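One structure is given here, and the rest of the page talks about it.
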Amino acid sequence: MRTRLTLRPNQRGAQQLLAQYGTRLVCVRYRYDEQRKRRLKTVELIVEESEWDPHPPRRSADSLDHVRVAWSEVEVRRQVKSAGGRWNPQQGVWELRYERVVALGLEGRIIGGGEGI
């Protein structure tokens, strides 16, 4: 089935359903079943509403993060550098893509100020 048209409750073609379902109406969709040669009108309704605490925003794998590595941690610095990390002398941190930070297990060393934050 293909969806060709999605209408919001205030658009023409959804007014009658808005009168029927009220504020519970989210949208009206027109779907087409090519095998059965049928057009279907569907509605999306709100059936329950409850409190919800959203998770903090996720970082994308491409986001650039700042990672703190002590000068004495030679092996960690070598790993960060070989993973494509760049030293930022102004801020005294390594800049590294989030996916690589995760691969190295350095999530706990991420500090504020990167693109992904």
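The values are calculated or read from the model by the stated rules, or taken from the named source; none is laboratory data. Nothing here was measured: the structure is a model prediction, and the numbers come from that model. Counting neighbours? That spans all protein chains shown, and the Cβs are built from the backbone with ideal geometry, glycine included. What goes into the accessible areas is simple: the full protein's heavy atoms, side chains included, and nothing from ligands, DNA or RNA. Shrake-Rupley method; radii C 1.70, N 1.55, O 1.52, S 1.80 Å.
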Practice task
Please name all residue pairs, on different chains or six or more residues apart, with Cβ atoms under 9 Å, provided the first residue is in the stretch 15-38 and is open to solvent by less than 100 Å² (accessible area, probe 1.4 Å) and the second residue is part of a helix (DSSP H, G or I).
Solution key: L25/L17; L25/L18; V28/L17; V28/L18
Practice task
Quick one: in the stretch 12-29, of everything that is in a loop (DSSP other than H, G, I, E, B) and touching a strand residue (DSSP E or B) at 6+ places or on another chain (Cβ under 8 Å), which residue is nearest to L45 (Cα to Cα)?
Solution key: A14
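To keep it simple, each residue is scored yes or no on (1) modelled with pLDDT of 90 or more; (2) more than 21 Å from P56 (Cβ to Cβ); (3) not basic (K, R).
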{"residue": "R68", "(1), (2), (3)": "yes, no, no"}
{"residue": "S72", "(1), (2), (3)": "yes, yes, yes"}
{"residue": "V76", "(1), (2), (3)": "yes, yes, yes"}
{"residue": "K81", "(1), (2), (3)": "yes, yes, no"}
{"residue": "G84", "(1), (2), (3)": "yes, yes, yes"}
{"residue": "Q90", "(1), (2), (3)": "yes, yes, yes"}
{"residue": "G105", "(1), (2), (3)": "yes, no, yes"}
{"residue": "G112", "(1), (2), (3)": "no, no, yes"}
{"residue": "I117", "(1), (2), (3)": "no, no, yes"}
Exercise for the section: Identify, by number, the condition in (1) out of contact with any helix residue (DSSP H, G or I) (no Cβ under 8 Å at 6 or more places or on another chain); (2) in a helix (DSSP H, G or I); (3) surrounded by 13 or more Cβ atoms within 10 Å (Cβ to Cβ) that Q79 doesn't meet. Expected result: (1)
Problem - Failed criterion for Q79 (all others in (1) more than 30 Å from M1 (Cβ to Cβ); (2) in contact with a strand residue (DSSP E or B) (Cβ under 7 Å, 6 or more places away or on another chain) hold) - result: (2)
Problem - Within the stretch 39-73, tally of residues that are over 26 Å from R8 (Cα atoms) and open to solvent by 90 Å² or more (accessible area, probe 1.4 Å) - result: 9
